[in-house]
Amino acid sequence: MTKRPTLFSLILSMPLLVWQLMFFLSPLLFLVTISFWTVRNFQMQPDLSFANWGRILTRGVFWDAYLRTMVLATAAAAITSMIAFPASYAISFKMSEKAKRWIIFVLIIPFFTSYLVRVYSLQVFLSDAGVVNAALGYLGLGPFSMLNNAFGIIVGMITLTLPLVILLQTFSLNFVNRDLIEAAQNLRCGRLRTVFAVIVPSAKVGLVIAALFAFILSFGDFVSPLYLGGGNPPTLSIMITDITKSGQQWPRAAVVAIMMIITLLTVAFAAITYAYRERGK
Amino acid sequence: MGNENRIINGLLKLHIAFCLLFIFAPIAGSFVFSLNSDRFPSLPLGEFSTEWYRLIWEDSLVWQGFANTLVVGVTVAIIATLLGFGGAYTDFRYNFIGKSFYLALALLPPTIPVVILGLAMLAFLSRVNLSGSTISVIIAHGVMCSPFAMAIIRLRLSQMDPDLEAASWNMGGNQWQTLCFVIIPFAKPAIFAALFITMAVSFDEFAVAWFVSGLNETLPVKILGFLQGQVSPRINAIGSLAFLSSMTLIILAQLLLRSPEETKS
């Protein structure tokens with residue numbers, strides 16, 4: 001359709017465009033702008049200064065936090081994907097249509113629960129005298145220290161991402177051509193080999209995208225690192241909230257935020273390129 | 001497939017059960033702890049108690065937060081659904097140069113980490129003197145929720161027979177009449193589902209709201225405050241109530257989406 005836009009089409013399409021330009025794109029562009037501003041007397045002033053960039057990027061604290069956040073998010077994405085895959089496989093290949101619909105509904109529920117409340121509840125489960133250690137105590141094990149360390153953070157991140165990863169993996173596995181599997185089995189391909197030589201390659205795009213989402217969510221999460229990891233040493237998101245909430249040094253927080261966005265875009269680009277490469281080979 | 005292996009299938013089922021336990025234990029735990037007298041619950045559990053519910057019932061700050069949440073949630077639901085409907089219909093009906101930019105702008109907000117969105121919104125809104133008000137939360141949540149509304153309504157529109165619109169035009173209906181008498185009635189279940197789901201999303205969103213809300217905190221931001229202060233099982237009580245209200249909205253939305261024929265009338 002190459003007609004000139006009618007009033008009708010403009011009235012329907014423009015509000016969303018205007019809203020997202022004004023309140024989504026502008027704030028993000030403004031964030032880039034203020035990273036070059038300076039702060040004097042607790043006031044931000046328009047400027048074109050690279051001082052904030054220099055200050056953040058030359059500090060070991062920032063790069064330590066950067067590395068820590070990368071490692072945590074990568075580990076969380078990998079572990080979540082590995083935990084999710086057998087479940088998604090079973091849901092997609094072993095369940096009746098009705099059971100599938102039910103379990104998908106059940107997996108959507110966590111999105112509408114407060115992540116904060118879940119993390120608070122996890123604190124109670126994981127604390128030194130908490131539910132998990134008490135249960136392990138009956139078996140004569142523990143107590144294990146599960147809070148204020150990487151373990152706690154990763155458990156929190158898995159809680160956040162597991163339902164989404166299972167759902168995305170299940171959808172991609174649903175699109176795997178069932179004839180391929182039958183063909184593989186007719187050719188006496190073993191069960192495990194069918195999974196790794198037929199199913200995983202055919203669902204590769206979806207599996208990679210599921211892991212990518214887990215990475216994005218974990219990378220930006222500040223609740224688990226703060227309340228399950230103790231917040232110290234900080235991750236990048238904690239740095240942003242600390243800098244923002246403790247004063248007017250928003251330009252520096254903006255630098256951290258832009259570094260995060262650049263990282264996420266790079267990782268997303270790499271993951272999607274990888275997902276679509278060698279497909280059909 | 002004849003060579004099904006019982007043991008492997010059993011293990012797979014066990015694994016699903018394990019995943020569900022892992023996902024739902026914190027949610028169920030929060031319910032149990034909210035009705036438990038212990039401040040630091042552990043095993044064995046303490047006595048049954050409604051103390052925490054009484055405390056939040058009597059807390060005027062909680063009521064204030066609840067009122068803010070409700071105002072924001074309802075307003076956001078209406079705005080996001082209107083914007084989302086326009087976007088979904090635009091995507092359904094029109095092709096134009098820059099459509100991929102339009103769609104990216106419309107659908108990308110949920111992929112931006114909330115801390116970054118929160119900081120960007122705070123900096124931007126305080127520049128235009130809108131931060132620290134309920135309006136700023138509404139603006140931020142409008143951005144975050146409209147993609148959900150758009151996706152839900154777009155899915156419903158894709159189930160529509162494209163000839164329906166053409167038929168309406170052939171019978172002399174103009175675009176507005178077609179919209180009001182054909183498309184909106186067809187999309188009605190999805191429109192209501194979008195209202196409920198965006199409201200539920202707004203009810204639970206705390207991070208961006210925390211950045212921009214100032215003193216007009218919504219309930220989830222209050223919970224964040226509780227978490228930073230003293231440990232208090234009041235969080236569980238508020239969380240359980242919030243969960244019940246969100247679930248009611250989701251189930252209503254599900255019912256609408258699942259049996260559109262009965263609710264069409």
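Read the figures in this text as sums done on the coordinates, not as results from a lab. Predicted model, so just to flag it, every value in this text is computed and none were measured. Using ideal geometry, Cβ is built from the backbone for each residue, glycine included, and neighbour counts are taken over all protein chains shown.
Observations on the model:
- Entries of A:100/A:204; B:188/B:222; A:100/B:99; A:100/B:13; A:98/A:204 with Cα pairs more than 24 Å apart: B:188/B:222; A:100/B:99; A:98/A:204
- Mean separation of Cα contacts under 8 Å (6+ apart) over length of the range B:164-265, as relative contact order %: 37
- Relative contact order %, chain A, counting alpha carbon pairs below 8 Å whose residues are six or more apart: 27
- Value of [θ]222 nm, deg cm²/dmol, for chain A, DSSP H segments ≥ 4, -39500 (n - 2.57) each, nearest 500: -22000 deg cm²/dmol
- Residue-count net charge about residue A:51 - beta-carbon cut-off 13 Å; Lys, Arg +1, Asp, Glu -1: +3
- Peptide A:101-114 has a mean shielding of 6, counted as Cβ atoms of other protein chains within 10 Å of each residue's Cβ.
- Sparsely packed loop sites in the range B:19-127 (the chymotrypsin sites (Phe, Trp or Tyr not before Pro) outside DSSP H, G, I, E and B with at most 10 other Cβ atoms within 10 Å) do not occur.
- Applying the criteria of a DSSP loop state and at most 14 other Cβ atoms within 10 Å to the trypsin sites (Lys or Arg not before Pro) of the range B:7-105 yields B:39.
- Over chain B: helical MRE at 222 nm, DSSP H runs n ≥ 4 each giving -39500 (n - 2.57), nearest 500: -24000 deg cm²/dmol
- Sites listed here are trypsin sites (Lys or Arg not before Pro) in the range A:185-245 whose DSSP assignment is loop and whose Cβ has at most 13 other Cβ atoms within 10 Å: A:188.
- Whether chain B is rounded, prolate or oblate, judged on the alpha carbon gyration tensor where a/c under 1.5 counts as rounded: oblate
- Mean-position separation - Cα centroids, the range A:68-100 and the range B:1-71, in angstrom: 21
- Rounded if a/c under 1.5, otherwise prolate or oblate - the range A:49-276, Cα gyration tensor axes: oblate
- Three-way shape label, the protein assembly as shown, alpha-carbon gyration tensor, a/c 1.5: rounded
- Loop-exposed GluC sites (Glu not before Pro) per DSSP, neighbour cap 15 Cβ within 10 angstrom, longest uninterrupted part of chain B: B:48-260
- Computing FRET efficiency as 1/(1 + (r/R0)^6) for residue B:59 and residue B:108, where r is the C-beta to C-beta distance and R0 is 45 Å, gives about 0.75.
- Separation of the range A:218-238 from the range B:157-197 is 46 Å, based on Cα centroids.
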